[in-house]
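Here the structure is laid out as structure tokens; the discussion comes afterwards.
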Amino acid sequence: MKPPKPTVYLAFGVGTVQPLAERPSLLAEVFDGFPAALVPTHVGFYEPIRTKFRLEDQEALLSPCWSPRGDLAHFVYRGDVRGFGSLATRRGRGIESNRLVLRLQYERAWRRNLVRYVQPLLARAMDCADASAGFATVYSDYPGGDMYVDHKPGPVELMGVAIGNQAVAGAGLVCIHPFAWLNVFGEEYSEYIGRQRLMSLDVFDSWEDARKRIWIKMCEWPHELYEPELLAHRDALVASLNLGEALCDQGRLVDYRWVHTGPEFDRSQLRQIGSEES
């Protein structure tokens, strides 16, 4: 199947080892006070996703996510802004994290002045999920994503830069991605990498929040990260940290799976269902 024209997405999300299945008011707390355009319009657990999503009905609409074993819900934006996302609350053996990740078409979000809300919304999600990691970034991808896994999207010219895939990031807690626009390191990561090493990096801004998480902001706006000089500077900063196999693209293939070094997390609550270990 021939892929469509690539689109630039603004992606942001959080990852936690706390069981989100026990937090049925999570999304209402995360989105409280933010523009309605940032809230997904539809939800489902399999295609096609057609059920209208309303925050006041989240406990019922997402009831499988709040079950003892949790689930994976998919979101779609079909309003002023287009996009998609997911909420992973699964529990059981082998589960490495729970996650909330959202992706918006960047140009539409920019035109509607929504990009300025991403940093405070990410901070809210980090707090509500007791998250250990968070990110916000832009990258090019095909609408429908996984349908075109055999095709690599090329860069998209937008706002004076060519936006490609050099700053793809994720909310998993298995490995460390190269720096995105916004990067949030919980205590596990900051202790592993080195709190002072992170805070002393030559970046646009960095700070420690009230929960001792370190925030690294590479530039003022997400698309600016794709300026060639800044991408090169980002790569040099990551190289200076000597993270080795902790990086997502530097693992070892062991028994047909990638293995990474990195901080230790207490995943015991994620790997229990009720009072029974899975």
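Here is how the numbers come out for the structure above:
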item: Residue among 157, 96, 188 that alone is without any contact (Cβ under 8 Å) to a residue 24 or more places away in the chain and among the acidic types (Asp, Glu); result: 157
item: Some residue of the stretch 238-253 being among the hydrophobic types (A, V, I, L, M, F, W, C), within 22 Å of residue 98 (Cβ to Cβ), at pLDDT 95 or above and within 20 Å of the chain's Cα centre (by Cα); result: no
item: Residue in the stretch 82-89 that is surrounded by 20 or more Cβ atoms within 10 Å (Cβ to Cβ), under 17 Å from the mean Cα position of the chain (by Cα) and not in a strand (DSSP E or B) present; result: yes
item: Of residues in the stretch 35-44 being among the small types (Gly, Ala, Ser) and surrounded by 15 or more Cβ atoms within 10 Å (Cβ to Cβ), the one farthest from residue 118 (Cα to Cα); result: 44
item: Selection within the stretch 45-78 - of a type in the set (Gly, Ala, Ser), surrounded by fewer than 16 Cβ atoms within 10 Å (Cβ to Cβ) and touching a helix residue (DSSP H, G or I) at 6+ places or on another chain (Cβ under 7 Å); result: 67
item: Residues that are assigned to a loop (DSSP other than H, G, I, E, B) and in contact with a strand residue (DSSP E or B) (Cβ under 7 Å, 6 or more places away or on another chain), drawn from the stretch 90-100; result: 90, 91, 92, 97
item: Yes/no for residue 207 being surrounded by 16 or more Cβ atoms within 10 Å (Cβ to Cβ) and modelled with pLDDT of 95 or more; result: no
item: Filter result for the condition that a residue is more than 23 Å from residue 136 (Cβ to Cβ) and exposed (fewer than 14 other Cβ atoms within 10 Å of the Cβ), over 264, 220; result: 264
item: Near pairs, Cβ below 6 angstrom, 6+ apart or cross-chain, from the stretch 116-127 (part of a helix (DSSP H, G or I)) to any residue that is surrounded by fewer than 19 Cβ atoms within 10 Å (Cβ to Cβ); result: 117/34; 121/34
item: Matching strands (runs of 3 or more DSSP E) fully within the stretch 209-278 where at least 3 residues are touching an Asp or Glu at 6+ places or on another chain (Cβ under 7 Å); result: 214-217
item: Count of the stretch 162-197 residues which are over 20 Å from residue 250 (Cβ atoms), part of a loop (DSSP other than H, G, I, E, B) and within 12 Å of the chain's Cα centre (by Cα); result: 1
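The values are calculated or read from the model by the stated rules, or taken from the named source; none is laboratory data. Fair warning: this is a prediction, and the values are worked out from it, not measured in the lab. No Cβ is skipped: glycine too gets one built from the backbone with ideal geometry, and neighbour counts run over all protein chains shown.
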